[in-house]
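Data block below; observations after.
The values are calculated or read from the model by the stated rules, or taken from the named source; none is laboratory data. For clarity, every value in this text was computed on a predicted model and none was experimentally measured. We place every Cβ from the backbone using ideal geometry, glycine too, and count neighbours over all the protein chains shown. SASA here: full protein model, heavy atoms, side chains in, ligands and nucleic acids out. Shrake-Rupley method; radii C 1.70, N 1.55, O 1.52, S 1.80 Å.
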Amino acid sequence: MKYLSVVLTLFITHGIFAQGTTIPAKPKLVVGIVVDQMAYEFLYRYEDVYGSGGFKKLVKEGYSCENTHFSYIPTYTGPGHASVYTGSVPAINGIVSNDWYNRETNSFTYVTSDPTVSGVGTTALTAGQSPRNMLTTSICDMLKLSNQQRSKVIGIALKDRGAILPAGHSANAAYWYDGSMNGWVTSSFYMGQLPQWIKDYNATAPAEKYLNKNWSLFLPAENYKNATADSVSWESVNIGEPGSKFPHYLNFTGNSELIKGTPFGNTITKEFAEAVVINEKMGKGNYTDFLCVSFSSTDYVGHAYGPHSVETEDTYLRLDHDLSEFITFLDTQVGKGNYLLFLTADHGVSPVPQYLQSLKIPAGTKTDVQMTADMELQLDKEFGNKNWILTYTNQQVYLNYAAMDSAKINMEDIYDALKTYLLQQDGIANVFLIDELSEAVYPEGLREKMINGIYPKRSGDIQILYEPYWFDAYRPTGTTHGSHYAYDTHAPLVWYGWKIKPGLNYDPVSITDIAPTIAALLKISEPNGCVGKVIGGVVK
Ligand SMILES: [Zn+2]
């Protein structure tokens, strides 16, 4: 009996069952994939041009939770990655936005900024980053806590926050892409210097071979049937380009930051992910390792051109190709059946308002600057000239308490005045006083999403909700996300690989259910702030 278990252990740890005859008791590697700004529909919209080895393979051979939603506002990248991996919400994990206003310092705090650390592999002052602003553990922390830190955990993404938050507090490393260094970098939170293999890898200038060419269509143009005309008035135009038309000229002058806004940003992420798996020997030890990969270029492209553009279709087509190669790589390197993979998103996206308007669908934009000026003017009219609003960000108003004290005006008076004024304006759906959210009257499902998004030390005083397909635009073209509406909350969620049986699930699933489901599969504790539930169909 003892001999048998030794033999089995040898078989399991050496991957002798790698080709799927028997699967190990625990996966050798978990691969979490977050596709930045991927709407659920993108799993299917481009089916006619997807190959058989990427998204289609995941859905066909995996288990797809078709009705998965975020459960808070705002639906942004930082909160999204945190919610996927903590199984929690901003009210508990503290990740209320990508940037929030800090009343004590009268300045904005970036979600992963950390003044106690500095960049490694880069001279960028912004590279002092860590997960410290995240108040709860990630599923990766729980994996490491379960086995005396024997699992290896690495997060990677073009975006710093997309790498740092998933991997958690006790990660071995998080790497993100710094165009000014033309390479992958990290911070002193994780290590004193980059591993030699990454220095060597960066020395090969991984982005250059893509930037020395133009961004041309992957397939002949007649294949792109799921998009508007190539060049339309609501698309952004890159600096140095004559218009928003293919081929896109990349104008590489030595700083490769611009690769992030092309599908090749995803390709270099995939290539780096493979290099990490090989060089860090992930999935080769006796304990489950965890690789968190976030594909950020879909978000940059989506913001610039919108979700109905040829650019977005081409970006998903190329990502599908990259995914296909990545799955083949994992099958070879780690072994089919030895790794558990899940794919989801950090938020969805709104179609471009100008496009919607052209189809007679109600939509529109505001700007933070104009909203602030209008509200300030209204308060000046009612209560006298003062600086009443410290800032308006993330659809929240941060009021100036000192001004209110000196004028003896209380919060309710300001709120009543702003609500009366705002409800006369186009595009405003409702206004709530954050302190009194518990007493407010809500439409179906909204109460939970609002309260889940509020962490008092970091949140504002008044919450403004726009009507559907309205948002604060940060430029006159393109689009964004962030609302509680279904187009921003509905994400893909597909499980694939180790012990996953094919299936489709249409029951309501919350993004916060991902982390406890991984915990159940690995037989470890869920993260400390977890509010999700195990998805029964995945673990059966
Ligand atoms: Zn975005």
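Note on region 319-436: Kirkwood hydrodynamic radius from all Cα pairs is 18.6 Å, rounded to one decimal. For GLN37, nonlocal amide neighbours, meaning residues 5 or more places apart or on other chains whose placed amide H falls under 5 Å from its own, are ASP346, HIS347. In this rough spin-label picture, where each label sits 7 Å from Cα along the Cβ direction, the SER118-GLU376 distance is 3.7 nm. In this calculation the C-beta distance from ASN387 to LEU125 is compared with R0 = 25 Å, giving a FRET efficiency of 0.25. Accessible area per residue for the chain is 39 Å², calculated with a 1.4 Å probe on protein heavy atoms, without ligands, DNA or RNA. The largest-to-smallest principal axis extents of the Cα set in region 447-540 are 47, 32, 22 Å. For the chain, carbon and sulfur atoms together expose 54% of the accessible surface, with a 1.4 angstrom probe and every protein chain in place.
Diffusion coefficient (Stokes-Einstein, Kirkwood radius over C-alpha pairs, 20 °C, 1.002 mPa s) for region 342-384: 157 µm²/s, rounded to a whole number. For the chain, a crude dipole built from +1 on the beta carbon of Lys and Arg and -1 on the beta carbon of Asp and Glu, taken about the Cα centre, is about 2180 debye to the nearest 20.
Label-to-label distance, LYS60 versus THR253, with points set 7 angstrom from Cα along the beta-carbon direction: 4.7 nm.
Derived scalar couplings between HN and Hα for region 29-45 equal 8, 9, 10, x, 10, 10, 9, 5, 6, 7, 6, 3, 4, 5, 4, 10, 4 Hz in order, rounded to whole Hz, by the Karplus curve 6.51 cos²θ - 1.76 cosθ + 1.60 (θ = phi - 60°), x for Gly and Pro. Extending 7 Å from Cα along the Cβ direction at GLU448 and again at ASP426 yields two label points whose distance is 3.5 nm.
Diffusion of the chain by Stokes-Einstein, at 20 °C in a medium of 1.002 mPa s and with Rh set to the Kirkwood radius over alpha-carbon pairs, works out to 89 µm²/s. Listed here are the pairs LYS260/LYS540; LYS159/LYS209; LYS159/LYS501; which of them are more than 29 Å apart at the Cα? Flagged as over cut-off: LYS260/LYS540; LYS159/LYS501.
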